[in-house]
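Take a look at the structure set out below.
The values are calculated or read from the model by the stated rules, or taken from the named source; none is laboratory data. Everything numeric here is computed off the predicted structure, so don't read it as measured data. Here the Cβ is made from the backbone with ideal geometry for all residues, glycine too, and neighbour counts use every protein chain on show. Calculation scope for accessible area: heavy atoms of the full protein, side chains included, ligands and nucleic acids excluded. Shrake-Rupley method; radii C 1.70, N 1.55, O 1.52, S 1.80 Å.
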Amino acid sequence: MNIAEITAILPHRYPFLLVDRVIAFTPNERIVAYKNVTANEQFFQGHFPGQPVMPGVLILEALAQAGGILAFRSSGEESHGKLVYLMGIDAARFRRPVIPGDRLTLTVETLRHKSTVWKQRGVATVDGAVAAEAEFLATISKPVEAA
């Protein structure tokens with residue numbers, strides 16, 4: 001999937017869209033995507049000047065976005081007009097820093113899926129080395145009305 005196909009599924013837009021391309025997809029099972037981490041990312045201005053490191057929460061968000069694509073595309077027509085909402089993150093671990101020039105590979109696998117609720121495990125790697133990992137709980141539902 002290219003960026004146009006990704007933005008047709010995810011509501012996120014720059015600078016918060018953190019998936020550049022999907023390179024493998026098996027419905028209901030697994031997705032592999034990547035994020036090219038560039039020096040001009042807005043978060044590097046303050047995290048950390050002179051020693052840029054991608055914030056861990058954004059690595060988790062990139063994994064969650066990839067997991068959202070997996071859930072949404074696997075759900076087919078029943079997901080039309082709906083969004084994937086993150087419900088929880090468990091067992092998050094950070095193993096190595098992600099810096100400008102890295103390609104963050106995002107691999108997400110389904111652990112369980114029942115009705116509209118998905119439990120997934122994501123691993124983010126750079127050149128085969130684990131940068132972060134976590135389990136995610138998400139649901140597909142109608143958009144929440146703004147107050």
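Computed over the chain, the range of Cα coordinates on each principal axis works out to 47, 32, 29 Å, biggest value leading.
A probe of 1.4 angstrom, applied to the heavy atoms of all protein chains, finds R103 with accessible area near 110 square angstrom. Would you list, by chain and number, the aspartates and glutamates whose Cα falls below 12 Å from the Cα of K35, excluding same-chain residues fewer than 8 positions away? Reachable aspartates and glutamates: D20, E61, D102. In the chain, a dipole from Cβ-located charges (positive for Lys and Arg, negative for Asp and Glu) runs towards its positive end, and of A64, L10, H47 it is A64 whose Cα lies farthest in that direction. Here the simple spin-label model places points 7 Å from the Cα toward Cβ, and for A4 and T116 these points are separated by 3.1 nm.
Normalised by 2.2 N^0.38 Å, where N counts its residues, the alpha-carbon radius of gyration of region 6-80 equals 1.23. Given +1 at the Cβ of Lys and Arg, -1 at the Cβ of Asp and Glu and no other charges, the dipole of the chain around its Cα centre is 160 debye to the nearest 20.
Straight-line cross-link reach from K142 at under 26 Å between alpha-carbon atoms covers these lysines, not counting any fewer than eight positions away in the same chain: K82, K114, K119. A 1.4 Å probe run over the chain, with the rest of the protein chains in place, finds 54 Å² accessible per residue.
Counting Cα-Cα pairs of region 60-147 in 5 Å increments starting at 0 gives whole-percent bin shares of 3, 15, 24, 21, 15, 11, 7, 3, 0.
Relative to the longest principal Cα axis of the chain, at what angle does helix 56-75 sit, 0 to 90 degrees, rounded to 10? For helix 56-75, the angle is close to 30 degrees. Ligands, DNA and RNA left out, the accessible area of the chain computed with a 1.4 Å probe is 53% carbon and sulfur.
Just round it to a whole percent: the fraction of Cα-Cα distances in region 45-97 exceeding 13 Å. All intermediate terms of the calculation are to be shown ahead of the outcome.
Working: 931 of 1378 pairs.
I get 68 percent for the Cα pairs in region 45-97 exceeding 13 Å.
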